[in-house]
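The values are calculated or read from the model by the stated rules, or taken from the named source; none is laboratory data. Source: prediction; values computed, not measured. Every residue, glycine as well, gets a Cβ built from its backbone with ideal geometry; the counts of neighbours run over all protein chains shown.
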Amino acid sequence: MANQAKVGAGGSLASPQHKVGAGGTASAGPAANKGTASSSDKLDKIVAEARRAAEKRDQGYREQALKIYPWVCGRCARTFTNANLRELTVHHRDHNHDNNPPNGSNWELLCLYCHDNEHQRQLEAHGGIAEAGNQSSAATHSPFANLKAMLGNKS
Ligand SMILES: [Zn+2]
Ligand SMILES: [Zn+2]
């Protein structure tokens, strides 16, 4: 196929030069057909590549992660095939979707359910730590104790 296309392209390029010849009409027909076919092919390719590039921007890291890692959920070890691959998602270990090192160190393949759980756990963990931190810091700093002491000193 590729070889034939190349020969055809070369023929169409050469034909204008040799069109003076008697065989011009015979070669012009197929050459013209091939020319239009290849140009629409090129357009299709350009459109397809543009579309692909746009999709790659969104899904690039997912495709890369699926190439690097086996199609297994990192939590429940559920395995995936092309049939259910859309349920396998890419989790960012540091939760930064802009952090996409090509070696995949920030990616983890998780099934939809485990991915959901992972994020809920992270939210709860962060909330718990934040609350505990606020409470403990408030307790250690205890501004009201100081106030009481100051009031106590004054009175
Ligand atoms: Zn899972
Ligand atoms: Zn995630």
Taking the condition of being farther than 15 Å from residue 60 by Cβ and not hydrophobic (A, V, I, L, M, F, W, C), how many residues in region 70-114 meet it? 18
Give region 85-116 a look and list any residue that's assigned to a loop (DSSP other than H, G, I, E, B) and either on the phi > 0 side of the Ramachandran plot or over 18 Å from the mean Cα position of the chain (by Cα) (or both), or say none. 95, 104
With surrounded by fewer than 16 Cβ atoms within 10 Å (Cβ to Cβ) and either more than 16 Å from ligand 1 (Cβ to nearest atom) or modelled with pLDDT of 90 or more (or both) as the only criterion, which of 112, 66, 88 stands out? 112
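Could you list, in sequence order, the residues of region 76-91 that are of a type in the set (S, T, N, Q) and within 16 Å of ligand 2 (Cβ to nearest atom)? Let's see the steps before the verdict.
Applying the first criterion (of a type in the set (S, T, N, Q)) to region 76-91 yields 79, 81-82, 84, 89.
Within region 76-91, 89 is the sole residue that qualifies.
Report yes if residue 89 is of a type outside the set (Phe, Trp, Tyr) and in contact with a Pro (Cβ under 9 Å, 6 or more places away or on another chain), otherwise no. Spell out how you get there, then give the answer.
On the way: of a type outside the set (Phe, Trp, Tyr): yes; in contact with a Pro (Cβ under 9 Å, 6 or more places away or on another chain): no.
So residue 89 fails the test.
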